[in-house]
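A quick write-up on the structure given underneath.
The values are calculated or read from the model by the stated rules, or taken from the named source; none is laboratory data. Quick caveat: nothing in here was measured; it's all calculated off a predicted structure. All Cβ positions, even for glycine, are placed from backbone atoms using ideal geometry, and neighbour counts span all protein chains on display.
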Amino acid sequence: MNPTEILKNEHRVIEQVLDCLEAIVKGCAATGKLDRQAAKDAVDFFRTFADGCHHAKEETHLFPAMEARGFARESGPVAVMLSEHEQGRAHLRAMDGAIEAASAGDPEALGRFVDHAKAYTALLRHHIEKEDHCLFPMADEALSGEDQLALLEAFEKVETHAPGTHERYLAIAGALAGQYGVPHSTAVGGAPSHRGTCGCKH
């Protein structure tokens with residue numbers, strides 16, 4: 001398994017929780033308030049697994065490797081991905097800030113959560129599509145075999161930083177999928193040797 005395949009596997013798990021977030025938003029329309037625990041679990045997953053772990057692999061390791069092979073950081077596909085990471089973080093902050101009031105039935109907070117959840121979902125789905133079908137093929141073509149091995153080693157170090165975290169967030173993804181009837185991803189979010197640990201930023 002090469003580095004971009006690991007990242008693609010993680011995308012499948014992230015998409016599973018995006019499906020759950022869409023179901024949470026539908027629940028808001030039906031009940032007039034937010035499922036507090038489900039929303040907190042989803043935001044926690046996106047902050048820790050999607051951003052703190054997955055995006056950290058890209059920003060700390062993949063993108064610099066691509067820059068070393070001629071990709072610009074200030075323009076082009078890498079710059080677009082970095083900008084979208086920041087946009088996603090802003091949506092997550094807004095969602096997190098609205099959870100308590102929205103779960104108590106405050107209509108303004110509920111609307112804010114729903115708006116940012118919808119925007120975040122659309123952003124991340126397009127972001128994943130661009131990475132899977134544009135950025136990652138570019139990376140695979142540009143990076144040498146030595147580059148790929150170095151990235152695998154770097155990813156392994158990310159994964160072994162905080163034992164048990166990876167399993168915990170896969171469990172959160174699974175629990176949300178069970179709660180909302182969302183199909184479970186068959187991806188494990190990394191290579192088989194990565195199961196059970198994840199160096200996510202907390």
* When you scan segment 115-149, how many residues do you find that are among the polar types (S, T, N, Q) and within 18 Å of the chain's Cα centre (by Cα)? -> 1
* The listed residue being surrounded by fewer than 19 Cβ atoms within 10 Å (Cβ to Cβ) and in contact with a strand residue (DSSP E or B) (Cβ under 8 Å, 6 or more places away or on another chain), out of Gly164, Gly174, Gly145, Gly181 -> Gly164
* Asked: Does segment 96-114 contain at least one residue that is closer than 18 Å to His11 by Cβ, touching a residue at least 12 places away in the same chain (Cβ under 8 Å) and within 19 Å of the chain's Cα centre (by Cα)?
  -> no
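Residue by residue, here is whether (1) of a type outside the set (Lys, Arg); (2) closer than 30 Å to Leu152 by Cβ; (3) part of a helix (DSSP H, G or I) holds:
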position	(1), (2), (3)
Met1	yes, yes, no
Leu7	yes, yes, yes
Leu18	yes, yes, yes
Cys28	yes, no, yes
Phe46	yes, yes, yes
Phe49	yes, yes, yes
* For residues in segment 12-70 being surrounded by 18 or more Cβ atoms within 10 Å (Cβ to Cβ) and among the polar types (S, T, N, Q), which is modelled with the lowest pLDDT? -> Thr48
* Is it true that Ala102 is part of a helix (DSSP H, G or I), surrounded by 19 or more Cβ atoms within 10 Å (Cβ to Cβ) and touching a Lys or Arg at 6+ places or on another chain (Cβ under 6 Å)? -> no
* Structure fact -> Screening Val158, Val114 for residues that are surrounded by 16 or more Cβ atoms within 10 Å (Cβ to Cβ), touching a Gly at 6+ places or on another chain (Cβ under 6 Å) and part of a helix (DSSP H, G or I) leaves only Val158
* Asked: Residues in segment 117-131: is at least one closer than 28 Å to Leu62 by Cα, modelled with pLDDT of 95 or more, crowded, with 18+ Cβ neighbours inside 10 Å and among the acidic types (Asp, Glu)?
  -> yes
* From the list Arg73, Arg93, pick out the single residue that is without any contact (Cβ under 8 Å) to a residue 40 or more places away in the chain, part of a helix (DSSP H, G or I), basic (Lys, Arg) and surrounded by fewer than 16 Cβ atoms within 10 Å (Cβ to Cβ). => Arg93
* Structure fact -> Filtering segment 56-76 down to residues that are under 17 Å from Pro137 (Cα atoms) and over 18 Å from the mean Cα position of the chain (by Cα) yields Pro64, Ala65, Met66, Glu67, Ala68, Arg69, Gly70, Phe71, Ala72, Gly76
